[in-house]
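Right, one structure below, let's go through it.
The values are calculated or read from the model by the stated rules, or taken from the named source; none is laboratory data. As the structure is a prediction and not an experimental result, all values here were calculated from the model. Positions of Cβ are backbone-derived with ideal geometry, glycine not excepted, and every protein chain shown enters the neighbour counts.
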Amino acid sequence: MSELRWHPLLGEWVATATARQDRTFLPPPNFCPLCPTATGGFPTEIPEADYDIVAFENKFPSLSPHPPEPAIAASELYPVEKSFGECEVVVYTPNHNSTLAQEPVSQIYKLVQVWTDRYRELSALEFVKYVFIFENKGEAIGVTLHHPHGQIYSYPFVPPRVRRELEQSQKHNAETGRCLLCDVLKQEQSDGRRIVTENESFAAYVPFFARYPYELHIISKRHLLDLTEMKRSEQVDLAEILKQVLVAFDKLFNVSFPYMMVLHQRPSDGANYDFYHFHIEFYPPMRTATKLKYLAGSETGAGMFINDTLAEEKAAELRGKIEPVSRATE
Ligand SMILES: [Zn+2]
Ligand SMILES: [Zn+2]
Ligand SMILES: [Zn+2]
């Protein structure tokens, strides 16, 4: 059972997805549904004996191209919709014990290409208005499968968090004639204290306005709206900067660093979003080697984040962990 229920106070949709209660929870490695099926072994979600990177529909989706009829009747106050959309899993590597941080730039480069292909294909679907690529990593943020993987949700609407960024970007553009995120990048570069690393096509920084201690944004230096506009050299540069940032995260506390990674791109509802700018955001839940940041009353109930660290100090810490990496893509 799944449906979209309207939240009249916030003006946004909430998805119910009760089948998700039954999904696989932290299986032992020999029962991992994302490992390749071994000859004569436990049948996994991936029948091929071997694969490199693979994307497929999630078995426990909260959005589906063939959604069931809502199980409850709508009212004027409480609109209900079918949960149209699609949920995909992207398995980064057949190696169960790896992480994206441990993969070479060549593999991350391939992942960037898979993201681009999936974004292009899913954006073209009639019922899809927003393609959201993301990764939840680590048990600290509730990951139920350790095998390195990310996800893609294709929403039937532009989700509220993105809508807010679009509104702010449009407002800035109307007032100044410029792109908000181009201006943010310029400001971060001219200040410099919060820049973590840069290459020819991308910059990584802890933003001035960070809400999490180790929040980090990666932004394209060219004014790109989505992944499909990248040149090959930009795809390699993106893979390189991702590798550097992920390795730096792991080196902070010598643990496999948990995070949420989200890609923010233009919606695919056909409207004009020339004022928006492609970027990636990381929200790691760790405050220190032993302390997690929990979303508490102010964050959850009021929407005001309290960051008990300074972006300038956290950026310096991360910058100290940045190392050169091999850019080989073959
Ligand atoms: Zn596995
Ligand atoms: Zn821009
Ligand atoms: Zn964003």
**OP:** Search the stretch 50-79 for residues that are more than 27 Å from residue 92 (Cα to Cα) and pair each with any residue that is assigned to a loop (DSSP other than H, G, I, E, B) and among the hydroxyl-bearing types (Ser, Thr, Tyr) when their beta-carbon atoms are under 7 Å apart and the residues are at least 6 apart or on different chains.
**Re:** 67/83
**OP:** For residue 20, work out the one condition from (1) modelled with pLDDT of 95 or more; (2) among the basic types (Lys, Arg); (3) not in a strand (DSSP E or B) it doesn't fulfil.
**Re:** (1)
Original post:
Given the structure, is residue 105 under 19 Å from residue 13 (Cα atoms), among the β-branched types (Val, Ile, Thr) and either modelled with pLDDT under 95 or touching a Ser or Thr at 6+ places or on another chain (Cβ under 7 Å) (or both)?
Top reply: no
**OP:** Among the strands (runs of 3 or more DSSP E) lying completely within the stretch 208-287, list those that include at least 2 residues that are more than 16 Å from ligand 2 (Cβ to nearest atom) and under 17 Å from the mean Cα position of the chain (by Cα).
**Re:** 259-264, 279-283
Original post:
When the residues of the stretch 186-197 are filtered to those that are closer than 21 Å to residue 234 by Cβ and within 16 Å of ligand 2 (Cβ to nearest atom), which remaining residue is surrounded by the fewest Cβ atoms within 10 Å (Cβ to Cβ)?
Top reply: 186
Original post:
If only one of 271, 311 is modelled with pLDDT of 95 or more, surrounded by fewer than 11 Cβ atoms within 10 Å (Cβ to Cβ) and within 24 Å of residue 164 (Cβ to Cβ), which one is it?
Top reply: 271
Original post:
Any residue at all in the stretch 162-185 that is modelled with pLDDT of 95 or more, among the hydrophobic types (A, V, I, L, M, F, W, C), more than 16 Å from ligand 2 (Cβ to nearest atom) and over 28 Å from residue 97 (Cα atoms)?
Top reply: no
**OP:** Tell me which of these residue 183 doesn't satisfy, since it passes every other one: (1) assigned to a helix (DSSP H, G or I); (2) closer than 27 Å to residue 240 by Cβ; (3) touching a Phe, Trp or Tyr at 6+ places or on another chain (Cβ under 8 Å).
**Re:** (3)
Subject >> Residue check for residue 248: farther than 25 Å from residue 180 by Cα, small (Gly, Ala, Ser), touching a Leu at 6+ places or on another chain (Cβ under 8 Å) and buried (at least 20 other Cβ atoms within 10 Å of the Cβ) >> reply: yes
Subject >> So residue 204, is it in contact (Cβ under 8 Å) with a residue 24 or more places away in the chain, within 16 Å of ligand 3 (Cβ to nearest atom) and either charged (D, E, K, R) or part of a loop (DSSP other than H, G, I, E, B) (or both) >> reply: no
Subject >> Answer residue from the stretch 117-161, given it is away from ligand 3 (no atom under 16 Å from the Cβ) and of a type in the set (Phe, Trp, Tyr) and is modelled with the highest pLDDT among those >> reply: 157
**OP:** Check whether at least one residue in the stretch 131-151 is away from ligand 1 (no atom under 16 Å from the Cβ) and on the phi > 0 side of the Ramachandran plot, and report yes or no.
**Re:** yes
Subject >> Test: residue 59 is touching a Ser or Thr at 6+ places or on another chain (Cβ under 9 Å) and farther than 24 Å from residue 273 by Cβ >> reply: yes
Subject >> Selection within the stretch 59-98 - under 13 Å from residue 2 (Cβ atoms), of a type in the set (Phe, Trp, Tyr) and touching a Lys or Arg at 6+ places or on another chain (Cβ under 8 Å) >> reply: 60
Original post:
Only one residue in 292, 246, 242, 227 is more than 13 Å from ligand 3 (Cβ to nearest atom), modelled with pLDDT under 95 and not acidic (Asp, Glu), so which one is that?
Top reply: 292
